[in-house]
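The values are calculated or read from the model by the stated rules, or taken from the named source; none is laboratory data. No experiment lies behind these values; they were computed from the predicted model shown. Reconstructed Cβ throughout: ideal geometry from the backbone, glycine too, with neighbour counts over all protein chains shown.
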Amino acid sequence: MRVPDKTNEITCFAALLAPFDLTGVTVTADALHTQRAHARFLADEKQAHYLLVIKANQPEPHRHRGRRRRGTDPHRRCVRRMKPRTP
């Protein structure tokens, strides 16, 4: 699929991924796609997991990175595993 001329991949994010079944798949994207609308699309509409890059020029998300939820043990170690999906 090609991104149309006179636009960019930000505006085409959902349209480019819409045809794919992403249920349970982890989608990775660069900082260009670290946007609430993209995260909501992946989580809510596609039931996918996501890993998005947060850079220092995005002050709000960058400030909140690594924060723990209330009530969690500060010494608890969180381990997440990802399995590659083959077509």
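A few remarks follow.
- Cross-chain or 6+ apart pairs with Cβ under 7 Å, segment 25-36 first and in contact (Cβ under 8 Å) with a residue 60 or more places away in the chain, then among the aliphatic types (A, V, I, L, M): VAL25/ALA48
- Leading residue by the ranking (surrounded by the fewest Cβ atoms within 10 Å (Cβ to Cβ)) among those in segment 24-33 that are assigned to a loop (DSSP other than H, G, I, E, B) and at pLDDT 90 or above: GLY24
- Residue count for segment 1-23, restricted to those that are more than 23 Å from ASN57 (Cβ to Cβ) and loosely packed, with under 11 Cβ neighbours inside 10 Å: 8
- Among the residues making up segment 34-74, a single one is under 16 Å from the mean Cα position of the chain (by Cα), modelled with pLDDT under 85, basic (Lys, Arg) and surrounded by 10 or more Cβ atoms within 10 Å (Cβ to Cβ): LYS55.
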